[in-house]
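The values are calculated or read from the model by the stated rules, or taken from the named source; none is laboratory data. Being a predicted model, the structure only gives us computed values, none of them experimental. Please note: Cβ atoms are built from the backbone with ideal geometry, for glycine as well, and neighbour counts cover all protein chains shown. Protein only, heavy atoms only, side chains kept; ligands, DNA and RNA dropped before computing areas. Shrake-Rupley method; radii C 1.70, N 1.55, O 1.52, S 1.80 Å.
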Amino acid sequence: MINMPLIFYKCIGDREMNRTNYLIEVFCISGVIGIISRFLGSIETSYIILLVLVVIDTLTGMAVAIKNKRFNSKGLSKFIKKVVTYSVSIMTVRLLEIGILTLVQTTLLSQIMVAFLEVTETVSILENLTLLGVPIPKNFMSLLLTHLKIPGLGRIDIPGNGEDNLSDIEELIKYQIPTFNDQYIKRLLEINFEVWKSVAQQVNIILREKDADNNELIYYKIMAEIELGFKEIEEKLKEEKIPREYIEEYSRCSQHKVDKWLQKVKSICFSQESIENKKEQFIESLMVFLYQTILSARKGADNNGE
């Protein structure tokens, strides 16, 4: 025989238990949110603004990557890494403030940290918008240029010939690099030359854009492409596991040539030449740089008894 009262009380008991568990979950979530809000204090609004800026920076960065045909799945991982890094940084500073409450009550350090990160993200967004072709006030160009991380860029201080094309770079890759016996030197050169060929293609696209008569803007866009080139080379060298001593020796031998090339690029960008002449001159300057790189690599290989 079925015991109805027992089943009835059991159902009530299960419902009450589920309700209790639900209330406990709500209480826990509310408690966590309350603790976070109390923990962040007066900077929670700024933190939300920072998060929004990070999202905008990520989206515009992805748009630039798609435009330049360099889009990959690393964008999302960089976004997550940035959010985690920023969060840990802010919370660490906030913990420091809480630790010194016995001396002084302040959120100044947290506010400074968040403000610094917001400025950094804003500059990054401006860089992405510039590369996407959005009109940016001319006064911002000098600010954006200071954020480019290119070895030797800081030594360029003077704003200001051949008919080579991109096929010449292909010929270097096809006929010159295979003459090296050392596999690490060969692969290092291949990576560099392939990246610089890609950069040259992007520069040709930049010089065909409607704002190509704005020398300062063109200079920024080209230098931004060169910066991306250096970053891409660095990432590929890590992926290929080229020994560190090869990379350091290559950097030591090529830095002076990089300095001269960047100086030449700036001179070309600010010259009064036609766009077509600027294209030719840029490719010519890149070819000179790559030929000099080959010569340096050859000297190094000969010195090592290759």
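Net charge in the neighbourhood of LEU109 (other residues with Cβ under 11 Å of its Cβ; Lys, Arg +1, Asp, Glu -1) is 0.
Each peptide among 215-223, 178-186, 110-118 gets the average number of other Cβ atoms lying within 10 Å of its residues, and from highest to lowest they stand as 215-223, 110-118, 178-186. Taking 20 Å as the limit for the C-alpha separation, the pairs LYS210/LYS279; LYS231/LYS299; LYS67/LYS210; LYS69/LYS278 exceed it in the case of LYS231/LYS299; LYS69/LYS278.
For the stretch 198-282, the solvent-accessible area of protein heavy atoms averages 50 Å² per residue (probe radius 1.4 Å; ligands and nucleic acids excluded). Measuring with a 1.4 angstrom probe and ignoring ligands and nucleic acids, ASP213 comes out at about 130 Å² accessible.
Surface composition of the stretch 167-306: carbon plus sulfur atoms hold 48% of the accessible area, using a 1.4 angstrom probe and ignoring ligands, DNA and RNA. In order along the stretch 113-123, the phi-based Karplus estimate (6.51 cos²θ - 1.76 cosθ + 1.60, θ = phi - 60°) of 3J(HN,Hα) comes to 4, 5, 4, 4, 5, 5, 5, 4, 5, 4, 4 Hz; Gly and Pro are listed as x.
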